[in-house]
Amino acid sequence: MKRLFLLVVFFAIAFAIFVLGPPFLKQSFGPYPLIRIADVFDLLTPIILIPLYWLLFRLDGKTVPSLTENLLFLIFAACWVLGQGMHLSANSIGHIVEGMEGTDVYKVTGFYDETLSHYFWHFGVISLSGLLMYRQWKNPVSKMSIHWALILAVIFYGFTFFAMVIEGGTVPMGLSLAIIIVLLGWLLARKRLTEQPVLFFFLVAYSLAIILFAIWGIWQGGFPEFSEVGII
């Protein structure tokens, strides 16, 4: 139980660092100036986060996932890595083709960078978390007390997910799936949350994200990206 609790906290911190960190690392990478430090840093994102998803998926290591659950994990993880990798490379190329607006290379780079990659990646993020919640719902553990570190982890993940979806322009999918996850989660698991730390973490984090979406939508009169309103 303690291991699972610590893993949730570590996952939330790592998720926030690797998702929110790259936009602030815009300096050129010395050994190869055509790319940025953010691109090199982002190479580590799936290498660090996918194993953490797997450890959460395994829960205590004794509850063996079914064949269907394993296949779903592989499919969702593939979408996650495909989208993240596509975004990394297309975003890096996008910096080089700035000033070439209107050309085919600019258009196709923007499509891979801003649309296709984001939807694959964010679908993977949401689907993996939903699968982890389902696994925990099926395999509860001993009752836990709500520690402040778990609340901090909820805040980290909830805000990071909100920021990722807003800046990624995937609100139609991200918000809709988050609402479905939250409604199902509270309906099915509200009486056993103290026995399901992984489910509790994602459920409350997505609930927080939905509140942030609502605040942003009311404030801005819609869901513009942070970069569009000059925040980043």
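In table form, for the structure just shown:
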| quantity | calculated |
| --- | --- |
| Enumeration of residues in the stretch 65-82 that are in contact (Cβ under 8 Å) with a residue 60 or more places away in the chain and assigned to a helix (DSSP H, G or I) | GLU69 |
| Selection count where residues are in contact (Cβ under 8 Å) with a residue 40 or more places away in the chain and either under 17 Å from SER92 (Cα atoms) or outside any helix (DSSP H, G or I) (or both), scope the stretch 109-124 | 4 |
| Enumeration of residues in the stretch 13-30 that are of a type in the set (A, V, I, L, M, F, W, C) and in contact (Cβ under 8 Å) with a residue 24 or more places away in the chain | ILE13, ALA14, PHE15, ALA16, PHE18, VAL19, LEU20 |
| Pairs where the first residue, in the stretch 31-43, is free of Cβ contacts under 8 Å to residues at least 60 places away in the same chain and at negative phi and the second is of a type in the set (Ser, Thr, Tyr) and part of a strand (DSSP E or B), C-beta under 9 Å, 6+ apart | ILE35/SER28; ARG36/SER28; ILE37/SER28 |
| Residues of the stretch 26-51 that turn out to be within 13 Å of ASN91 (Cα to Cα), out of contact with any Leu (no Cβ under 8 Å at 6 or more places or on another chain) and not in a helix (DSSP H, G or I), as a count | 3 |
| Qualifying residue in the stretch 47-64 (condition: under 30 Å from PHE200 (Cβ atoms), surrounded by fewer than 19 Cβ atoms within 10 Å (Cβ to Cβ), among the hydroxyl-bearing types (Ser, Thr, Tyr) and touching a residue at least 24 places away in the same chain (Cβ under 8 Å)) | yes |
| From the options VAL125, VAL97, VAL105, residue that is among the hydrophobic types (A, V, I, L, M, F, W, C) and crowded, with 18+ Cβ neighbours inside 10 Å | VAL125 |
| Failed condition for TRP54, given (1) under 26 Å from VAL165 (Cα atoms); (2) touching a Leu at 6+ places or on another chain (Cβ under 9 Å) | (2) |
| Residue check for ALA153: within 18 Å of LEU56 (Cβ to Cβ), surrounded by fewer than 16 Cβ atoms within 10 Å (Cβ to Cβ) and of a type outside the set (Asp, Glu) | no |
| Test result for LEU71, modelled with pLDDT of 95 or more and over 16 Å from the mean Cα position of the chain (by Cα) | yes |
| Residue, nearest to TRP137 (Cα to Cα), within the stretch 182-205, restricted to residues that are β-branched (Val, Ile, Thr) and surrounded by 15 or more Cβ atoms within 10 Å (Cβ to Cβ) | VAL198 |
| Residue check, PHE159 modelled with pLDDT of 95 or more and part of a loop (DSSP other than H, G, I, E, B) | no |
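The values are calculated or read from the model by the stated rules, or taken from the named source; none is laboratory data. Because the structure is predicted, anything quoted here is derived from the model rather than measured. A quick note on method: Cβ atoms are made from the backbone with ideal geometry, for glycine too, and the neighbour counts reach across all protein chains shown.
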